[in-house]
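*Asks:* Structure incoming, see below.
What follows is calculated from the coordinates using simple rules that are stated; it is not laboratory data. Computed from a predicted structure; not experimentally measured. For neighbour counting, all protein chains shown are included, and Cβ atoms are generated from backbone atoms with ideal geometry for every residue, glycine included.
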Amino acid sequence: MNGLTGGAAQSITFVLNMKTANVRQLRHAFGDVMDWVADGQQVKIVKKGKVIALLSPPPRPRPRKLKLPDFAARQRRVFGERVLPGNIVAEERESCQW
């Protein structure tokens, strides 16, 4: 083991495995470089031995927390504290003549 834990080990590994493309390769094999980026890899763009750009995929979308409405509070707002009998619908249907 290298002695690093957690995010430090992952970032060191990530930097060591980063792809590099020069400007000529970017011009002539742009599709290949974009395939690297589409696979989730960062690509350093080098011109005359110096890094001039870093291509990286967009950040992953964060999972949205789904917040459900408070149905009990809504029921209290609409009906108040009175309790409706469970058979109210059946009684209403019987009272109407179809």
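*Asks:* Quick one: R64, R93, fewest Cβ neighbours within 10 Å first, how do they rank?
*Replies:* R64, R93
*Asks:* Under 16 Å from the Cα of K19, which aspartates and glutamates turn up, not counting those fewer than eight places away in the same chain?
*Replies:* D32, D35, D39
*Asks:* Going through the stretch 66-98, which GluC sites (Glu not before Pro) have at most 10 other Cβ atoms within 10 Å and a DSSP loop state?
*Replies:* Passing both the DSSP loop test and the Cβ count: E81.
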